[in-house]
Amino acid sequence: MHRRPLTRQAPLARDTLLALYPATLVALTLAALLAPQRAGPLALTQVFAHFLFLPALLLLPIALAPGMVLLRLTLATAAAAFLLVYPPAFGAPAPSPVADTPELGVLSWNLYVGGVTPGALREVLAEHQPDVVLLQEADWEALAADGELLAAYPYRRLRPEETAPSLAILSRYPIVDSGVPELPGDVWDMPRLVWARLDLGGQAVTVVNAHPMPPRTFGATCPLLHCYNTGPRDAQITGIRAYVDELQRRYGDPLILAGDMNVSERERAYDDLAAGLSDAHRAAGLGFGASWRPGQLNLPLGLIRIDYLFASPGAVPLTFTTDCARRGSDHCLVAGRFGLVFGADLGAPTRGAATVLPS
């Protein structure tokens with residue numbers, strides 16, 4: 001008498017049990033949206049949460065079986081949550097704002113403290129043909145000794161007295177002004193920003209190369225999960241944006257902000273960094289744009305996106321590429337072209353009272 005109800009209950013129990021995983025993914029996604037964390041294990045989990053969706057793909061064949069109603073519903077909800085929070089770019093380039101507008105090609109790359117040889121860098125530049133190159137973790141002595149590279153980019157900021165540690169700017173256009181800001185010592189472990197103003201034949205463009213610190217507590221004897229702390233990095237990102245806004249107020253040029261920002265697009269600090277600017281990957285890129293992978297694994301693709309090209313309203317993203325070919329760095333390079341608008345009111349976006357910082 002009791003066998004038939006038990007038989008009917010078995011598929012329901014299996015459906016309910018399997019639906020727990022996608023339901024948990026949805027709950028974690030909502031928790032990250034409603035109560036994002038800035039420190040500790042949960043904050044680190046938010047950065048890599050998109051990988052938790054991969055095992056859900058194994059449930060798709062099971063969801064097609066009869067009676068798996070709850071599993072199908074939760075998988076569909078999890079897919080919607082994933083696309084909402086981790087949307088890919090669809091490669092729809094923005095049109096040039098004006099016919100025959102001037103364009104600027106920009107490439108940004110973290111060279112992994114000498115992991116990329118000068119020869120590999122020259123090959124990349126020959127392939128992508130950028131007008132401006134912004135490098136992080138660069139060996140300035142190796143770059144300064146490369147006559148072929150310097151001939152292709154005769155205007156540069158390389159030497160320690162010219163730039164922040166391990167940051168470099170190479171340009172085909174004359175540099176008419178540049179600087180490394182003196183920022184508050186309680187926020188900065190070292191200078192992490194250099195900017196240059198380029199002369200494009202009577203019109204100027206400002207480029208900013210930044211590399212805020214990684215999100216962890218340095219000097220502490222504790223494992224990464226417990227040392228993960230975004231506070232110092234977030235304070236540096238706030239300082240970077242304040243200085244970028246001040247450059248915009250000072251000059252009013254089209255402006256490109258680039259670099260290894262050590263922040264994923266799912267963190268609050270990304271919103272602080274990107275507010276009022278155009279993310280070139282989102283505007284003109286394709287796919288997820290992940291740009292960092294563990295150096296020890298030498299993967300042919302990135303795992304999370306932390307390298308960016310941001311543009312002010314006077315620089316319209318036309319194309320964007322994330323190049324993850326294995327060349328000795330734990331970072332993929334990012335490159336894009338921008339249509340430039342001159343002569344308009346291109347001051348900094350309104351973000352409260354102006355913060356005047358020293359040049």
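All of the numbers you see were taken from the coordinates with simple rules; none came from a lab. Since we're looking at a predicted model, the values are computed, not measured. Methodologically, a virtual Cβ is constructed for each residue, glycine included, from the backbone with ideal geometry; neighbour enumeration extends over all protein chains shown.
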Amide H of Ser291 versus every other amide H placed in the peptide plane: which residues, excluding those fewer than 5 positions away on the same chain, fall under 5 Å? Leu303, Ile304, Arg305, Ile306, Asp307
Measuring from its Cα centre, the chain shows a charge dipole (+1 at each Lys and Arg Cβ, -1 at each Asp and Glu Cβ) which, in debye to the nearest 20, is 1840 debye
Nitroxide proxy distance, nm - points 7 Å out along Cα→Cβ at Asp272 and Ala152: 3.7 nm
Could you calculate the contour length gain from Leu17 to Arg159, that is, 0.36 nm times the residue separation minus the distance between their Cα atoms, to one decimal place in nm? 45.0 nm
Taking K and R as +1 and D and E as -1, what net charge do the other residues with C-beta under 14 Å from the C-beta of Ala63 add up to? +1
Dipole of the range 103-261, positive end: most advanced residue of Gly119, Asn209, Ile175 [Cβ charges, Cα centre]: Asn209
Sequence-distant or interchain residues sharing an amide H contact under 5 Å with Asp177, placed H: which? Arg197
Which ³J(HN,Hα) values in Hz, rounded to whole numbers, follow from the phi angles of the range 266-283 under the Karplus curve 6.51 cos²θ - 1.76 cosθ + 1.60, where θ = phi - 60° and Gly and Pro get x? 9, 10, 4, 5, 4, 4, 4, 6, 8, 4, x, 10, 9, 7, 4, 5, 5, 7
Just tell me, in residue order, which DSSP H segments of the chain are both 20 angstrom or longer along the helix axis (alpha-carbon based) and at least 0.5 in mean Kyte-Doolittle hydropathy. 3-34, 69-85
Along the range 105-110, Karplus-curve 3J(HN,Hα) (6.51, -1.76, 1.60; θ = phi - 60°) to the nearest Hz, with x for Gly and Pro, reads x, 10, 10, 10, 7, 8
Helix-derived mean residue ellipticity, 222 nm - over the chain, DSSP H n ≥ 4, -39500 (n - 2.57), to 500: -10000 deg cm²/dmol
Stretched fully, the stretch from Thr24 through Leu54 gains (0.36 nm per residue minus C-alpha distance, one decimal, in nm) 9.5 nm
Please return the longest range in the chain lying between exposed loop sites, taking GluC sites (Glu not before Pro), DSSP loop only, at most 12 other beta-carbon atoms within 10 Å, and leaving the sites out. 183-359
Using the beta-carbon distance between Leu34 and Ala145 and R0 = 45 Å, what value does 1/(1 + (r/R0)^6) give for FRET efficiency, to the nearest 0.05? 0.30
Among (i) 0.94; (ii) 1.13; (iii) 1.05, which is the computed Rg/Rh (Cα atoms, Kirkwood Rh)? (iii)
Largest-first ellipsoid semi-axes for the range 183-303, taking √(5λ) over the Cα gyration tensor eigenvalues, angstrom: 28, 20, 13
Built amide H within the under 5 Å cut-off of Asn110, gap 5+: Gln136
Spatial separation of Cα centroids for the range 166-217 and the range 289-335, in angstrom: 19 Å
